[in-house]
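Participant: Got a structure for you, questions after.
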Amino acid sequence: MSQRIVSLRNREGHALHCILEEPPGGLSRAQVAAVLLCPGVKTRVGPHRLYRKVSPPFLARGIPVLRVDFRGLGDSEGDWPDDSLAQMYRLMELGHCVDDARAALDWLESQLGIRNCIVGGLCGAAITALHLARDDSRLAALYAIGLPSRLNGSAEPHRVSRGELQSHRMRYLRKLARPASWMRFLFLRSDYRLLWRSLAAKWLKAGPALAPDVNPHLPTSFLALLRSGRPALLLFGEQDGARWDFEEKFLQPWADALEPYRAQIAYSVISRANHILGDPAAIAEANRLTEAWLDAQLTRSIGRSERGLRSAGIHSGAVECSRGRELTVGQESIEARPGG
């Protein structure tokens, strides 16, 4: 498998520098591409090189993987209107980087003739892909790890879900037999507020099912994806708070609206995994689930042969700098660069 740097431009003229990894058979027969978007401030490689670790299921099926740095992140040009971490997350959740994702699809279509793309990634990448799905049919499927439901910077304080509190409570109870845990408790190193809330939640009255801190774009974007017949793979770590948010603040309140589309949603919780799938066992399970999902979907609609059909959405600067930054250094040295 080979990989190279490709550079493309968004509609504002910013050069976005990305990594394209080719499958063993090359690009000539590829009809589908995977586009892994920047998950936040961790750039195109993802935390702990997550995107390199989850790419093999795609590559093994002849699907090239394009890893994208958004504007102002990694090696890409541009700036953010607010550089505080909370506001950057909020802007991404509101769709600030959709144009960058669309530029990546423009490049794949104009340079490789690929119109069907599996788009997403971790956290902010997944919500950006959902925004894109509302008006870009080239997004053929959603690939989401730890899809966030909450909108950062909401006027309402974040409300921890009942499921997350129960998870914390069971973990605290398991620690009662561990001397090291008691030492942390006695030496003021525990999160006493969370400890109290998790224990008290068993007796306190439950809050509303749909919290006011939910991203208002989530239901409309998710339903737009499903109503057009496109599938979604949703992976969550068992210990990921985003999982409880998604279940209790979206899946359950919107169950009736989602019911007609259940067959399009593949939803899995990976045992003992955190938000970023930091354990090798979590990566292995995520890849196993992805392989099964891809094998099912590639026999259905994702693999439609539509190479060469152009989209009216492609802008003239999409490939303006696509040749200039392709490097000839080895694979490891490419990925060793700060941006991933």
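The values are calculated or read from the model by the stated rules, or taken from the named source; none is laboratory data. On a predicted model such as this, the values are computed, not experimentally measured, just so you know. Neighbour counts are summed over all protein chains in view; Cβ atoms, including those assigned to glycine, are modelled from backbone coordinates with ideal geometry.
Participant: Restricting to region 107-155, name every residue that is acidic (Asp, Glu) and either surrounded by fewer than 24 Cβ atoms within 10 Å (Cβ to Cβ) or not in a helix (DSSP H, G or I) (or both). Lay out the reasoning, then the answer.
Facilitator: From region 107-155, those acidic (Asp, Glu) are 109, 135-136; that's our starting set.
Of everything in region 107-155, those that are acidic (Asp, Glu) and either surrounded by fewer than 24 Cβ atoms within 10 Å (Cβ to Cβ) or not in a helix (DSSP H, G or I) (or both) turn out to be Asp135, Asp136.
Participant: Pick out the one residue from Leu258, Leu251, Leu277 that is on the phi > 0 side of the Ramachandran plot and in the same structural domain as Arg150 (by TED's automatic domain parsing).
Facilitator: Working: Leu258 fails: on the phi > 0 side of the Ramachandran plot; Leu251 fails: on the phi > 0 side of the Ramachandran plot.
Exactly one of Leu258, Leu251, Leu277 is on the phi > 0 side of the Ramachandran plot and in the same structural domain as Arg150 (by TED's automatic domain parsing), namely Leu277.
Participant: Which residues, taken from region 1-30, are among the acidic types (Asp, Glu) and crowded, with 20+ Cβ neighbours inside 10 Å? Please lay out each step first, then the result.
Facilitator: Taking region 1-30 as the starting set, the residues that turn out to be among the acidic types (Asp, Glu) are 12, 21-22.
Listed by number, the list holds a single entry, Glu21.
Participant: Would you check which residues across region 224-268 are among the aliphatic types (A, V, I, L, M) and under 20 Å from Gly46 (Cα atoms) and list them? Don't jump to the end; show me each part of the working.
Facilitator: Within region 224-268, the first condition is being among the aliphatic types (A, V, I, L, M), and the residues that meet it are 224-226, 232-235, 242, 251, 255, 257-258, 263, 265-266.
The answer is Leu233, Leu234, Leu235, Ala242.
Participant: Separate question: Residue check, Cys38 against (1) assigned to a loop (DSSP other than H, G, I, E, B); (2) more than 14 Å from the chain's Cα centre (by Cα), all met but one. Which one?
Facilitator: (2)
Participant: Kindly provide the set of residues from region 236-265 that are of a type in the set (S, T, N, Q) and assigned to a helix (DSSP H, G or I), ordered by number. Please lay out each step first, then the result.
Facilitator: The first filter runs over region 236-265 and keeps only residues of a type in the set (S, T, N, Q), leaving 239, 252, 264.
The answer is Gln264, and nothing else.
Participant: Separate question: Quick check on my filter: what residues within region 103-122 are among the small types (Gly, Ala, Ser) and on the phi < 0 side of the Ramachandran plot?
Facilitator: Ala103, Ala104, Ser110
Participant: Cβ contacts < 6 Å: first residue free of Cβ contacts under 8 Å to residues at least 12 places away in the same chain and closer than 21 Å to Ser149 by Cβ, restricted to region 275-291; second residue crowded, with 16+ Cβ neighbours inside 10 Å and not charged (D, E, K, R), any location; separation 6+ or different chain. Result?
Facilitator: No pair meets every condition.
Participant: Out of all the residues in region 1-35, which are in a loop (DSSP other than H, G, I, E, B) and of a type in the set (Lys, Arg)? Talk me through it step by step, then tell me what you get.
Facilitator: From region 1-35, those in a loop (DSSP other than H, G, I, E, B) are 1-2, 10-14, 22-31; that's our starting set.
Once the filter is applied, which keeps residues that are in a loop (DSSP other than H, G, I, E, B) and of a type in the set (Lys, Arg), region 1-35 yields Arg11, Arg29.
Participant: Something else about it: If the requirement is being small (Gly, Ala, Ser) and in contact with an Asp or Glu (Cβ under 8 Å, 6 or more places away or on another chain), which of these qualifies: Ala101, Ala15, Ala86? Steps first, answer last, please.
Facilitator: Numbers: Ala101 fails: in contact with an Asp or Glu (Cβ under 8 Å, 6 or more places away or on another chain); Ala86 fails: in contact with an Asp or Glu (Cβ under 8 Å, 6 or more places away or on another chain).
Answer to the selection: Ala15.
Participant: Also, I was wondering about something else. From the set of residues in region 1-24 that are of a type in the set (S, T, N, Q) and touching a strand residue (DSSP E or B) at 6+ places or on another chain (Cβ under 7 Å), which is modelled with the lowest pLDDT? Spell out how you get there, then give the answer.
Facilitator: Taking region 1-24 first, the residues of a type in the set (S, T, N, Q) are 2-3, 7, 10.
Applying the additional criterion that residues be touching a strand residue (DSSP E or B) at 6+ places or on another chain (Cβ under 7 Å) yields 3, 7, 10.
Values: Gln3: 90, Ser7: 90, Asn10: 86.
This residue is Asn10.
Participant: Then there is this: Identify, from the list Ala86, Ala33, Ala101, the residue that is under 20 Å from Asn215 (Cβ atoms), surrounded by 19 or more Cβ atoms within 10 Å (Cβ to Cβ) and of a type outside the set (D, E, K, R). Step through it out loud before you land on a result.
Facilitator: Values: Ala86 fails: surrounded by 19 or more Cβ atoms within 10 Å (Cβ to Cβ); Ala33 fails: under 20 Å from Asn215 (Cβ atoms).
Within the list Ala86, Ala33, Ala101, the selection yields Ala101.
Participant: Does region 46-57 contain any residue that is more than 22 Å from Arg9 (Cβ to Cβ) and over 15 Å from the mean Cα position of the chain (by Cα)?
Facilitator: There is at least one residue in region 46-57 that is more than 22 Å from Arg9 (Cβ to Cβ) and over 15 Å from the mean Cα position of the chain (by Cα).
Participant: Could you grab me the full set of residues in region 65-100 that are in a helix (DSSP H, G or I), over 20 Å from Val32 (Cα atoms), within 17 Å of the chain's Cα centre (by Cα) and touching a residue at least 60 places away in the same chain (Cβ under 8 Å)?
Facilitator: Across region 65-100, the qualifying residues are Tyr89, Arg90, Glu93, Asp99.
Participant: Also, I was wondering about something else. In region 52-64, is there at least one residue being within 17 Å of Ala141 (Cα to Cα) and either hydroxyl-bearing (Ser, Thr, Tyr) or free of Cβ contacts under 8 Å to residues at least 12 places away in the same chain (or both)? Quick ask: steps written out before the conclusion?
Facilitator: From region 52-64, those within 17 Å of Ala141 (Cα to Cα) are 54-55, 57-59, 61-64; that's our starting set.
Those still in the list that are either hydroxyl-bearing (Ser, Thr, Tyr) or free of Cβ contacts under 8 Å to residues at least 12 places away in the same chain (or both) too: 55.
Yes, some residue in region 52-64 is within 17 Å of Ala141 (Cα to Cα) and either hydroxyl-bearing (Ser, Thr, Tyr) or free of Cβ contacts under 8 Å to residues at least 12 places away in the same chain (or both).
Participant: For Val41, indicate whether it is in contact with a Ser or Thr (Cβ under 7 Å, 6 or more places away or on another chain) and assigned by TED's automatic domain parsing to the domain that holds Cys123.
Facilitator: On the way: in contact with a Ser or Thr (Cβ under 7 Å, 6 or more places away or on another chain): no; assigned by TED's automatic domain parsing to the domain that holds Cys123: yes.
No; evaluated as a whole, the condition is false for this residue.
Participant: Applying the selection to region 231-264, what residues are surrounded by 16 or more Cβ atoms within 10 Å (Cβ to Cβ) and in contact with a strand residue (DSSP E or B) (Cβ under 6 Å, 6 or more places away or on another chain)?
Facilitator: Pro231, Ala232, Leu233, Leu234, Leu235, Phe236, Gly237, Arg243, Asp245, Lys249
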